[in-house]
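Reviewing the structure listed below.
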Amino acid sequence: MRSLYNHPKYYDLAFSYRNITSEVDTIEKCIKIYSKVPVQTVLELGCGSCPHMLEIVKRGYTYVGIDINPRMIQYSLEKAYNHQDKVKLVQASMVDFELDHQVDFVCTMLGSLYVQNTEQLISHFHSVSKILKSGGLYFLDWCVDFSPLTDVSDYWTTEDSLLNIFTEVNYRLRLHNIVEQLYTETVDVKVTENGRVRKFRESHLRRAIYPQEFVLASTKLSPFELVGWWNNWNLNKPLTGKERNVRPMILLRRL
Ligand SMILES: C[S@@+](CC[C@H](N)C(=O)[O-])C[C@H]1O[C@@H](n2cnc3c(N)ncnc32)[C@H](O)[C@@H]1O
């Protein structure tokens, strides 16, 4: 089956249920309340098709994106065609990367913290700590597993009526190895475009990251402090452990 990440246009549509303007509003609120440095440059890790990029640039920031997939980078470069002075996209791995300049804010969206073991997690924090200015924030969307590792399934549809494209998305998590805390994440997307049907799949092994080991790796083994974690991108809803969590957001600050 074709790789979904090699077809960014369909990835973009399959995950287009987000309210990007409102999400960038929340990011700006976090910056206003918690950042100890003024923010000019935003770095997104695992940026993919860069759904937030144009909104971020529109608000005056410079955007830097890192992704491992060259097709995602090419697609996002085309999206940024009219903003080339404010956008830089780099093909690299979030596990171990370097940039020429430090940045003021880092984010990883939609659970895109892709690591397969503890060494990669520590290496990831090491790379972020080198490029993020002291006092700057690292914002993570859904990158910590606040629920036990059980099998999960989800289904949704999206539509672009102008382009006449309809997608049906099946999302699955399956436990792979409990000792290694590995699970398989699979996204199947059926695309109907002008009556033609095509199927895409993305499937990866990922290491689950539980709350207290996230705190250990980021704040005891790496130079960050935990600012807080909240449910569903809502700064009025700090996570207590009692709620059903949906897209929790986590905020670290570089010491
Ligand atoms: C779920 S998509 C998220 C894209 C985008 N951030 C968003 O919010 O829609 C995950 C992205 O992470 C990228 N990715 C996976 N492993 C990576 C790695 N080790 N380093 C950098 N990017 C990676 C994939 O190529 C893909 O574009």
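Each value in this text was obtained by applying a stated rule to the coordinates, not by laboratory testing. Please read these numbers as outputs of a predicted model, since none were measured by experiment. Ideal geometry is used to build each Cβ from the backbone, glycine not excepted, and the neighbour counts take in all protein chains shown.
Things to note:
- Taking Cα centre as origin and charging only the Cβ of basic (Lys, Arg, +1) and acidic (Asp, Glu, -1) residues, the dipole magnitude of the stretch 152-207 rounds to 240 debye.
- Assigned charges on the beta-carbon of Lys, Arg, Asp, Glu; the chain dipole about Cα centre (debye): 200
- Residues listed by number, the stretch 163-195, amide nitrogen under 18 Å from Arg71 label point at 7 Å toward C-beta: 166-170, 186-193
- Within straight-line reach of Lys130, meaning a Cα separation under 28 Å, sit the following lysines at least 8 residues removed in sequence or on another chain: Lys29, Lys32, Lys36, Lys58, Lys86, Lys88, Lys220.
- Whichever lysines have a C-alpha closer than 16 Å to that of Lys199, once near sequence neighbours (fewer than 8 apart) are set aside: Lys9, Lys190
- Spin-label model distance (nm) - Tyr17 vs Asp151, 7 Å beyond Cα toward Cβ: 2.1
- Taken over the stretch 161-255, the alpha-carbon convex hull comes to 164 cubic angstrom per residue.
- Span-rule helices in the chain, defined as complete DSSP H runs reaching 18 Å or more along the axis (Cα) with Kyte mean at least -1.0: 20-34, 118-131
- Each Lys and Arg adds +1 at its Cβ and each Asp and Glu adds -1 at its Cβ; summed about the Cα centre, the stretch 88-169 shows a dipole of about 420 debye.
- Within-11-Å neighbourhood charge of Leu54 [Cβ basis; K, R +1; D, E -1]: +3
- Prolate/oblate/rounded label for the chain (Cα gyration tensor, a/c 1.5): oblate
- Take the Cβ atoms of Ser161 and His101, set R0 to 41 Å, and the FRET efficiency comes out at 0.50.
- Annotation: amide H of Cys47 within the under-5 Å range of Ile66, Asp67, sequence separation 5 or more or interchain, hydrogens built in the peptide plane.
- For the stretch 1-47, a Kirkwood radius taken over Cα pairs fed into Stokes-Einstein (37 °C, viscosity 0.692 mPa s) yields D = 248 µm²/s.
- Directionally averaged projected area (the stretch 210-252, Cα convex hull): 2.9 nm².
- The stretch 97-146: projected area of the alpha-carbon convex hull, averaged over directions, in nm²: 3.8
- Using a Förster distance of 41 Å, the FRET efficiency for Gln212-Glu78 (Cβ separation, nearest 0.05): 0.45
- Among 135-142, 42-49, sorting by the average number of other beta carbon atoms lying within 10 angstrom of each residue, highest first, gives 42-49, 135-142.
- Gain on full stretching of the segment that runs from Leu182 to Lys36 - 0.36 nm per residue minus C-alpha separation: 49.0 nm
- Net charge over other residues, Cβ less than 13 angstrom from the Cβ of Asn234 (K, R count +1; D, E count -1): -1
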